[in-house]
Amino acid sequence: MRVKTFVTTPDDINRQWWVVDAEGQTLGRLATRIAVVLRGKNKPIFTPNLDCGDYVIVVNADKVVVTGNRLEKKIYYHHTGFLGNLKSERLKVLMGRRPVRALEKAIKGMLPDGRLGRAMYKKLKVYAAAVHPHEAQQPKELK
């Protein structure tokens, strides 16, 4: 008796569009669920070396909730490329300035590094308001 092993190919991948309402949801828990869908780990055909995930639209990103004292304690760093220019910004300031960016950074940190992770990240669309321009794709609501 021979057992055939199923190997996922790019032809087997069927992408869907999902919409997520971030209002009142915790930042990290929401980012985890979205990263799973972007990677395709919620599908039975998941393969780690292929991008078999779906598109995710996040609305109301400015109404996401952060627990504890993370607004004051969490700091994001980036280097400008010039000597001595390591910039830091607290989560509270980032949420006031660009609330979409905080959710994007949380999700991006949960995706793989390299080409594959960048391809997965491109399928993420985050909006601060409740409206989005992707109605033509007929996205389903992700619970």
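Every read-out reported here was derived from the displayed coordinates using simple, explicitly stated rules and does not represent laboratory data. Source: prediction; values computed, not measured. When we count neighbours, we look across all protein chains shown, and the Cβ atoms used for this are built from the backbone with ideal geometry, even at glycine.
Quick notes on this structure:
- Taking the stretch 61-70 as the range and being aliphatic (A, V, I, L, M) and outside any strand (DSSP E or B) as the test, the residues that pass are ALA61, VAL64, VAL66.
- Residue among ASP113, ASP62 that alone is surrounded by 13 or more Cβ atoms within 10 Å (Cβ to Cβ), of a type in the set (Asp, Glu) and out of contact with any strand residue (DSSP E or B) (no Cβ under 7 Å at 6 or more places or on another chain): ASP62
- Residue match in the stretch 71-94 (condition: in contact with a Lys or Arg (Cβ under 6 Å, 6 or more places away or on another chain), touching a residue at least 40 places away in the same chain (Cβ under 8 Å) and either under 30 Å from THR5 (Cα atoms) or not in a loop (DSSP other than H, G, I, E, B) (or both)): no
- The set of residues in the stretch 93-110 being under 22 Å from GLN16 (Cα atoms) and touching a strand residue (DSSP E or B) at 6+ places or on another chain (Cβ under 9 Å) consists of LEU103, GLU104, ILE107, LYS108.
- Filter result for the condition that a residue is in contact with a Pro (Cβ under 9 Å, 6 or more places away or on another chain) and of a type in the set (Ser, Thr, Tyr), over TYR127, TYR121: TYR127
- Criterion violated by VAL58 - all others in (1) in a helix (DSSP H, G or I); (2) under 16 Å from the mean Cα position of the chain (by Cα) satisfied: (1)
- Within the stretch 95-133, the set of residues being of a type in the set (Asp, Glu) and part of a loop (DSSP other than H, G, I, E, B) comprises just one member, ASP113.
- Members of the stretch 10-26 that are without any contact (Cβ under 8 Å) to a residue 40 or more places away in the chain and assigned to a loop (DSSP other than H, G, I, E, B): ILE13, ASN14
- Restricting the stretch 12-25 to residues that are more than 19 Å from ALA130 (Cβ to Cβ) and surrounded by 14 or more Cβ atoms within 10 Å (Cβ to Cβ), the residue that is farthest from the chain's Cα centre (by Cα): ILE13
- LYS143 in contact with a Phe, Trp or Tyr (Cβ under 8 Å, 6 or more places away or on another chain), free of Cβ contacts under 8 Å to residues at least 12 places away in the same chain and not in a helix (DSSP H, G or I): no
- Test result for VAL131, loosely packed, with under 11 Cβ neighbours inside 10 Å, of a type in the set (Val, Ile, Thr) and under 29 Å from ILE13 (Cα atoms): yes
- If you go through the stretch 97-128 and keep only what is among the β-branched types (Val, Ile, Thr) and within 8 Å of the chain's Cα centre (by Cα), you end up with just ILE107.
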